[in-house]
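Report on the following structure.
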Amino acid sequence: MSQQRPLGLVGAGSAAGSFLARLPEFRKRLGPVKSISLRVASRLANTLGAGFPVGRFEELDECDAIFIIVPDSRARSTIRELTASRIRLDGKSIILGDTWLGSEVLESAALRGAGTGSVCLLEFSADIRFLIEGARHAVTEVKRILRHDARSLTVAPESKPLVQAALTLSESLLFPLLGAADACLRYAGIPH
């Protein structure tokens with residue numbers, strides 16, 4: 001079996017708390033870690049206990065897959081910096097983690113030949129833990145990282161907002177509906 005190439009991480013300090021960072025396979029394969037500064041990248045690698053800090057995007061060239069774990073407010077600017085760099089993206093998987101943003105925000109990377117995708121934690125289901133979407137080889141890379149650690153649900157990129165809408169509706173409407181149903185039964189004199 002050939003050894004898998006290291007994973008790259010472009011992250012903010014908060015990436016240390018990422019669900020991905022807790023996965024054994026992710027930590028085992030983590031190589032270069034890029035952040036807003038070499039100092040922050042070093043701190044992030046130390047906190048993760050994996051990977052090594054790098055100062056430039058080009059130092060992620062050895063990776064077949066690069067995970068971007070930054071706050072949503074910084075995602076687009078981080079992606080612009082990545083695609084403006086001289087890194088070879090053709091054939092790489094570029095994956096957004098810990099976000100409800102979809103792979104459509106990675107369009108500039110896809111135009112340069114990268115397979116794009118995203119993965120986020122689903123907190124509503126005891127059975128399915130992760131929602132994955134994107135190009136085939138990006139989805140395959142995420143599933144390699146997840147391995148036996150959790151089950152996942154894969155959807156078409158354009159379906160991710162629909163899943164988010166369903167979760168938002170169920171979270172915001174379910175309890176008021178249950179409360180209203182309970183009140184109706186109580187007013188009807190039905191003991192419960």
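The values are calculated or read from the model by the stated rules, or taken from the named source; none is laboratory data. Keep in mind that this is a model prediction, so the values were computed, not measured. Note that we place each Cβ from the backbone using ideal geometry, even for glycine, and neighbour counts take in every protein chain shown. Accessible surface areas use protein heavy atoms only, side chains included; no ligands, DNA or RNA. Shrake-Rupley method; radii C 1.70, N 1.55, O 1.52, S 1.80 Å.
Some points to look at:
- Helical content alone sets the calculated 222 nm signal of the chain at -12000 deg cm²/dmol, taking -39,500 (n - 2.57) per DSSP H segment of four or more residues and averaging over every residue.
- Net charge of Cβ neighbours under 14 Å - reference T47; Lys, Arg +1; Asp, Glu -1: +4
- Peptide packing: for 151-161, 64-74, the average count of neighbouring Cβ atoms within 10 Å per residue gives the ranking 64-74, 151-161, highest mean first.
- Surface composition of the chain: carbon and sulfur make up 56 percent of the accessible area, probe 1.4 Å.
- The chain - accessible surface per residue (Å², probe 1.4 Å): 54
- Comparing the range 58-192 with the 2.2 N^0.38 Å rule of thumb, its C-alpha radius of gyration ratio is 1.38 (two decimals).
- Gyration tensor verdict on the range 1-127 (Cα atoms; rounded if a/c is under 1.5, prolate if a/b is larger than b/c, oblate otherwise): rounded
- Rounded to 10°, Cα long-axis angle of helix 136-146 versus longest principal axis of the chain: 80
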